[in-house]
Every structure is written in structure tokens, then in C-alpha cells.
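Here is the structure we will look at.
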Amino acid sequence: MLSTNLYYTLSGLSAPGTVYVRVRPNPSAAVNPSHTYQLLVGTQVMASDGAHVFTDENLIRINVNPFLTTQAHDHLFWSITLYDSNGNPVPGAKANFNWQLLGVVHTQSALSNASGVASGEVFLGTCSQSETVQQTAPNGQTWRTTFDRGQWNITVDGTNNAGVGGANFPTVSLGHICTQTFIP
């Protein structure tokens, strides 16, 4: 008998193969027909690759310390490809794009497609203009930028082996650009 709400790995199975699963109620608990059950059976995600987080917005990138690796004004696109232990794409796995701005954590989840790609577009929301920097761009123009600092990572349900972020570097820095004003 297996416990509920846990992931179990069945290794050494031949592919293709058949796995029989029996789900039955707990004999020591009263049956409640309003309860729902979910049983997910599939290939386990063991690795990821091709993580890509970007914006198509026209921005003047700012250089502050610590550096803001990802910078966006309004929205970000994200994607990641998920693989099993044999290097095959895993469809139907849940990837979570997590971002934090001004102490508030947000998550957008997506299921991977037949090619193992999970992706989405997130809108960063209201910008509070908590910091300001004035810099001269490589073309000689001076810009004043207001922004908020944050961070992001990508997690994959049921694994600690895949995604973006880990023990040494759990997140990627994020700059939410509020305004950019040209200074003549």
C-alpha cells in the first residue's frame, strides 16, 4: 500500500509495457462521494534544458549592482524543455515559473507538450518605482530609469533535478522596469 500525495518511482519497467494500478478507498474512513481523486502516471522528469526567459519589449538595459540578469517592463515569455532519464521529451509534466517582486511571490504553471516544452507569458503587474538610476547608454544618450528588484526561478513538480535555480544559485535576478525617461 502506498501513501497519498507522494511521488513514487517505479524503475526497471520495460517500454512499452503495461502497469496495473488499483485505487481503493481507505477502509478506516467513511466514503464521501464529493471527494475527488487524481492519479497521474507517467515518465518522470529527470533533466531540463533550453530554459529561456525574455521579453520582446524595447528597453534600454540598465547596469546596476547587483546586476539584473532579466529586465522587462510589462511582461516576460518563458519556456523550458523537460526530459526523462533516457533523454526523451516528457509530455504532461508541470513546470512552474515563479517570480517575486516587492516581497510578493507569483507562480504561473504550464504542462509540457508532446515535445516536452512547457511555456507561458507572465504579466509583471504594477510597478512601484522603488529605485532610480540615471545612466548614459552606449549611443551617448542619457536615461533615467525607475525600477523594482525581484527574482525568478523555474521548478518542476515531482523533481529537484530539473528547472532553473538550485542550492548554489536558487534564483535569477529580475528588474521590473517602471519608466525610462530620456534626459536631453
**Study point:** Scan of region 104-147 for residues that are among the hydroxyl-bearing types (S, T, Y), farther than 21 Å from F54 by Cβ and touching a Lys or Arg at 6+ places or on another chain (Cβ under 6 Å), ordered by number
**Key:** none
Check your understanding: Across region 80-104, which residue is nearest to the chain's Cα centre (by Cα) among those that are under 25 Å from T70 (Cα atoms) and surrounded by fewer than 13 Cβ atoms within 10 Å (Cβ to Cβ)?
Key -> V104
Check your understanding: So which residues in region 1-27 are within 15 Å of G42 (Cβ to Cβ) and not aliphatic (A, V, I, L, M)?
Key -> Y7, Y8, T9, S11, P16, G17, T18
Point to revise | Filter result for L39 (more than 18 Å from G158 (Cα to Cα), out of contact with any helix residue (DSSP H, G or I) (no Cβ under 6 Å at 6 or more places or on another chain) and not in a strand (DSSP E or B)) | key: no
Review point. Applying the selection to region 133-184, what residues are in a strand (DSSP E or B) and loosely packed, with under 12 Cβ neighbours inside 10 Å?
Key: Q134, T136, T181, F182, I183
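Residue-by-condition table, conditions (1) over 30 Å from D84 (Cα atoms); (2) under 15 Å from the mean Cα position of the chain (by Cα):
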| site | (1), (2) |
| --- | --- |
| S130 | yes, no |
| T136 | yes, no |
| G140 | yes, no |
| R144 | yes, no |
| N153 | no, yes |
| V156 | no, yes |
| N161 | no, yes |
| A167 | no, no |
Point to revise | Hey, T107 more than 17 Å from Q71 (Cβ to Cβ) and either in a strand (DSSP E or B) or among the hydroxyl-bearing types (S, T, Y) (or both) or not | key: yes
Check your understanding: Does any residue in region 82-93 that is at negative phi come within less than 9 Å, Cβ to Cβ, of a residue that is crowded, with 16+ Cβ neighbours inside 10 Å and among the acidic types (D, E) six or more places away or on a different chain, and which pairs are these?
Key -> V90/D84
Review point. Looking at (1) of a type in the set (A, V, I, L, M); (2) modelled with pLDDT under 95; (3) not in a loop (DSSP other than H, G, I, E, B), which is the one condition that is false for A95?
Key: (2)
Check your understanding: Tell me, which residue of region 78-92 that is in a strand (DSSP E or B) and either among the β-branched types (V, I, T) or in contact with a Leu (Cβ under 8 Å, 6 or more places away or on another chain) (or both) is farthest from M46 (Cα to Cα)?
Key -> I80
Exercise for review: Any residue in region 166-183 that's under 15 Å from V64 (Cα atoms): show its pairings with residues that are among the basic types (K, R) and surrounded by fewer than 18 Cβ atoms within 10 Å (Cβ to Cβ) at Cβ separation under 8 Å, as long as the two are six or more apart or on different chains.
Suggested key: S173/R149; L174/R149; G175/R149; H176/R149; Q180/R144
Study note, to complete from the structure: Picking from T155, T69, the residue that is among the β-branched types (V, I, T) and farther than 16 Å from F54 by Cα would be T155
Check your understanding: How many residues, within region 21-72, are of a type in the set (S, T, N, Q), closer than 30 Å to Q141 by Cα and exposed (fewer than 15 other Cβ atoms within 10 Å of the Cβ)?
Key -> 4
Review point. Looking at this structure, is A118 surrounded by 15 or more Cβ atoms within 10 Å (Cβ to Cβ), in contact (Cβ under 8 Å) with a residue 24 or more places away in the chain and within 11 Å of the chain's Cα centre (by Cα)?
Key: yes
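The values are calculated or read from the model by the stated rules, or taken from the named source; none is laboratory data. Everything quoted here is computed from the prediction, not taken from an experiment. A quick note on method: Cβ atoms are made from the backbone with ideal geometry, for glycine too, and the neighbour counts reach across all protein chains shown.
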